1. From the square roots a ≥ b ≥ c of the eigenvalues of the alpha-carbon gyration tensor of region 124-198, which class results: rounded (a/c under 1.5), prolate (a/b over b/c), or oblate?
2. Within the set of other residues whose C-beta is less than 15 Å from the C-beta of LYS174, count the net charge using Lys and Arg as +1 and Asp and Glu as -1.
3. Give me ILE75, ILE58 sorted ascending by neighbouring Cβ count inside 10 Å, so fewest comes first.
4. Arrange the following residues from fewest to most other Cβ atoms within 10 Å of their Cβ: ILE40, ILE111.
Amino acid sequence: MFHELIFWIVDTVGVLGYPGIVLLMALESSFFPFPSEVVIIPAGYLAHQGGMSLPLVIIMGILGSLIGALVNYAIAITLGRAALLKWGKWIFLPEQKFQRVEKFFQRHGEIGTFIGRLIPVVRQYISFPAGLAHMSLARFTFFTGLGAGLWVTILAYIGYFVGDNEELVAQWSKTALFWVVVGCGALLIGYWKLRKNG
């Protein structure tokens, strides 16, 4: 069933074009558990073939990510913590996972929003604690767009350069994720040292 979903995603990007990227990235950024790789990498490959514009693929990917994140942010503000804990399992957010994300956000604030957008699984849920904390909408949008923009750009370029080679796509995606996680760790350490010395 999951493979059928992947094929549907790829077909949707090909048929709907840029609106399809926005729609699917909005879903991916909210609480539907499918990887952004299956949206942006094929779109990057289509750009390489001349069927799309690479800058527009990146912009539409960021826009979709922002829309999905803002939906979760609004849900958190509207429903509150008790409702999210009660109903979270229906949107793939069990209590234990929610508490981990919430703790991560409480420790690192805005930088948590930026880093959260780069980490699989966390990226779908980091908006909830931001909404519960009533984080400034402007700051939330900025740090979400920054994190999503970095990840979408990486995926788009992977699709652009090796999108026709499934083996290389998998290899480059894993390598990119590894270095992104390493970079996030280094950023957190630097942030923690600055806060400690400040």
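Just so it is clear, none of the values below were taken in a lab; they were calculated from the coordinates. For clarity, every value in this text was computed on a predicted model and none was experimentally measured. Note that each Cβ is placed from the backbone with ideal geometry, even for glycine, and that neighbours are counted across all protein chains shown.
1. oblate
2. -3
3. Working: ILE75 19, ILE58 22.
Placing the least packed residue first, the sequence is ILE75, ILE58.
4. Going from least to most buried by this count: ILE111, ILE40.
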